[in-house]
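Below is one structure, written out as structure tokens; the observations come after it.
The values are calculated or read from the model by the stated rules, or taken from the named source; none is laboratory data. This one's a predicted model, so the numbers in the text were calculated from it and none came from an experiment. Heads up, the Cβs are rebuilt from the backbone with ideal geometry, glycines too, and the neighbour counts pull from every protein chain shown. Side chains are part of the model used for accessible areas, which takes the heavy atoms of the whole protein and leaves out ligands, DNA and RNA. Shrake-Rupley method; radii C 1.70, N 1.55, O 1.52, S 1.80 Å.
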Amino acid sequence: MLTSEDIVYACTCDLAGKTRGKGFPAADMEKRLKRGIGWAPTNSQITCFDAIAPSPFGALGDRVLIPDPGTRVTLRAPDMGLSEDFVLGDLYTTDGQPWALCPRTILKTALERLKRVAGLSLQASFEHEFQFRGAGMGPGTGYALQAFRPNRLFAERLVAAMRAAGLKPDTIMKEYGTDQFEVTMDPAKGVTAADHAVILRQLVYAVADSCDQAATFTPLQDPAGIGNGVHIHFSFVDATGAPATYDPQGRHRLTAQASAFAAGVLRHVDEIMALLAPSVVSYGRLTPHRWSAAFNNLGIQDREATLRICPVSALSDIDIARQFNLEFRAADACASPYLQLAALVHAGCQGIEDALVAPDATEEDLAELSPEALKARGLRRLPASLDQALDAFSASDRVRDWFGAEFVQVYRLHKQGEIAYLADKSPEEMHRAYALVY
Ligand code: GLU
Ligand code: MG
């Protein structure tokens, strides 16, 4: 009798923030851990819409994707309608060198820099919002048990799938927006935190599908509605594993290094936004009064700050120094989590190398301030479009130092290809296009 054979899908989360790869028989895993799978360099230029952006590689060349077995997700739950087997990995050249355009490798390089300049490791957790496309839950459903109830099956399957995949579920809710949910998980170290974000997005798609729903992480489905953010929480530990973000005597209760890191992120935020919020519709979300972020500001428990110092609670069983974390709110799920984290780490390391100090925290509605008042305080709007963000990204010598000239050139071409694909679309068609692919 013929029975079907297990296949593992080996993936990279690429420049488009899409998780793509190739499958092979699971029985070949050992071989594939050495040999990898072949990957064309021009695959980097497959935009989220599949149209291929101009590529310096053309039809030439080969790269090798080597799976990292620690990232493998195997979920066989036919009763739940779930059947997953995938693994994430790194891209190498055929002579075995890490490839300069591999997002996961780029993050590793950034984390090594953090160790070198500060002796610190990063811990992070990606908080995700998403919507069920066309679910039509209507008004009265914000955080409502009434709206959670019919989706309990989805939530319970998702939590089980996360746990089985090695992610630690934290909270799950019917978010405020129409048909919107949010899921949070415990922090993990460095590259694993980004792996978890990649895995979480896939689990949400898979579990939603098992419940006859279609999930979308698009930053803005309806321009008049609520956006889907990715809030990146991060903190530091030193070489001994001790928490290194909290100093009760420090500026805003940050250690000197965390304060410098925050200052670096805010000083360079314009230059890295194209990596953090990389779609055309990302910038509709990053406008005032959406509880996302619109200015280059630091806020204390302020949900409209680009960088927020998160609340801590004396009631928690976790001590304050370990709870204490910063949250970058101007990100979304159109990006590769590896590139998002790498961008934050490089900008933060620059702040540490330059011994910067965190700016004053804002407490008011910045949209009410005059341009002069903003300027006097060193505050400015984030880039207002992907075009603007790309200009700041490609004009930055710093970014070129951090990511390499080749990456900057290729990434810009990629994003220009994405923008060109949308050229003849109406705003409605454009929002719909993103909702379908993310
Ligand atoms: N939906 C908001 C965003 O686009 C975030 C709301 C919140 O959870 O604070 O980032
Ligand atoms: Mg939320």
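The table that follows gives values for the structure above.
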{"quantity": "Residue that is closer than 14 Å to residue 233 by Cα, in contact (Cβ under 8 Å) with a residue 60 or more places away in the chain and buried (at least 17 other Cβ atoms within 10 Å of the Cβ), where the choices are 322, 290, 285", "calculated": "322"}
{"quantity": "Of all residues in region 20-45 being under 26 Å from the mean Cα position of the chain (by Cα) and open to solvent by less than 30 Å² (accessible area, probe 1.4 Å), the one that is nearest to residue 199 (Cα to Cα)", "calculated": "21"}
{"quantity": "Cross-chain or 6+ apart pairs with Cβ under 6 Å, region 123-150 first and under 29 Å from residue 325 (Cβ atoms) and at pLDDT 95 or above, then open to solvent by 80 Å² or more (accessible area, probe 1.4 Å) and more than 16 Å from ligand 1 (Cβ to nearest atom)", "calculated": "123/187; 123/189; 124/187; 125/187"}
{"quantity": "Matching residues in region 111-136 - criterion: being touching a strand residue (DSSP E or B) at 6+ places or on another chain (Cβ under 8 Å) and either in a helix (DSSP H, G or I) or within 16 Å of ligand 2 (Cβ to nearest atom) (or both)", "calculated": "111, 114, 115, 118, 125, 126, 127, 128, 129, 130, 131, 132"}
{"quantity": "Selection count, region 293-317, where residues are surrounded by 23 or more Cβ atoms within 10 Å (Cβ to Cβ), farther than 25 Å from residue 390 by Cβ and near ligand 1 (Cβ under 10 Å from one of its atoms)", "calculated": "1"}
{"quantity": "Matching entry among 421, 411 (being of a type in the set (Phe, Trp, Tyr) and open to solvent by 80 Å² or more (accessible area, probe 1.4 Å))", "calculated": "421"}
{"quantity": "Condition met for residue 169 (away from ligand 1 (no atom under 16 Å from the Cβ) and open to solvent by 60 Å² or more (accessible area, probe 1.4 Å))", "calculated": "no"}
{"quantity": "Strands (runs of 3 or more DSSP E) enclosed by region 1-100 - at least 1 residues per element that are of a type in the set (A, V, I, L, M)", "calculated": "7-13, 37-39, 63-67, 73-77, 82-93"}
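Quick grid of which residues meet (1) closer than 18 Å to residue 325 by Cα; (2) within 13 Å of ligand 1 (Cβ to nearest atom); (3) open to solvent by less than 10 Å² (accessible area, probe 1.4 Å); (4) modelled with pLDDT of 95 or more:
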residue	(1), (2), (3), (4)
191	yes, no, no, yes
194	yes, no, yes, yes
213	no, no, no, yes
217	no, yes, yes, yes
224	no, no, no, no
